[in-house]
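We did not get these values from a lab; they are worked out from the coordinates using the rules stated. Everything numeric in this text was worked out from a predicted model, so none of it was measured. Every residue, glycine as well, gets a Cβ built from its backbone with ideal geometry; the counts of neighbours run over all protein chains shown.
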Amino acid sequence: MKVDVYEYDGKGIVIDPESDMKERTVILIGKQMVKCNPRPAVIYVTGGKVDAGYDKLEELKACCGENKVVFFCPTATDAEEMAETYTYLKKNAMELNVKPEEVSVKCLPECKEAAQELVDYLVDEFDAEVDDAEEFAL
């Protein structure tokens with residue numbers, strides 16, 4: 001499965017497995033292929049460690065592809081700045097083909113406190129239904 005890695009809004013990188021596609025007929029346009037089966041999204045708090053040169057990037061790409069989940073890896077370390085990732089994915093959910101109501105926060109073990117601060121911020125400021133941060137390391 002093809003997995004793309006690209007920057008989003010200057011805030012970090014997205015690890016995005018290929019979406020399922022289906023054919024749809026649109027009046028006046030005809031048949032076209034559209035994304036279907038939106039995937040869950042994860043905000044992966046790593047203290048900005050995940051970038052194009054990340055040593056475990058290939059493993060992370062494989063994990064995203066196998067599990068059909070999109071990882072957003074912000075470079076920010078502050079909860080308010082990391083919350084901009086949440087705003088971005090909610091605003092662009094249809095284009096990104098993610099389920100905005102299925103966002104979770106995962107982190108490297110050393111970033112657990114920052115990740116939980118992000119969860120608390122999302123719950124307080126956005127009324128988001130997000131579970132506590134979970135450690136996730138490859």
- Task: Among what's in region 91-112 and is among the charged types (D, E, K, R) and in contact (Cβ under 8 Å) with a residue 24 or more places away in the chain, pick the residue that is nearest to Asp132 (Cα to Cα).
- Result: Lys106
- Task: For residues that are over 15 Å from Gln116 (Cα atoms) and touching a strand residue (DSSP E or B) at 6+ places or on another chain (Cβ under 8 Å), tally how many sit in region 86-105.
- Result: 10
- Message: Any residue at all in region 87-110 that's more than 17 Å from the chain's Cα centre (by Cα) and not in a loop (DSSP other than H, G, I, E, B)?
- Response: yes
- Test Thr46 against the stated conditions and say whether it is in contact with a Leu (Cβ under 6 Å, 6 or more places away or on another chain) and crowded, with 21+ Cβ neighbours inside 10 Å. yes
- Taking the residues in region 111-138 that are of a type in the set (Asp, Glu) and assigned to a helix (DSSP H, G or I) as candidates, determine which candidate is farthest from Val34 (Cα to Cα). Glu113
- Message: Can you list the strands (runs of 3 or more DSSP E) lying wholly within region 10-69 that have 3 or more residues being touching a Cys at 6+ places or on another chain (Cβ under 6 Å)?
- Response: 12-17
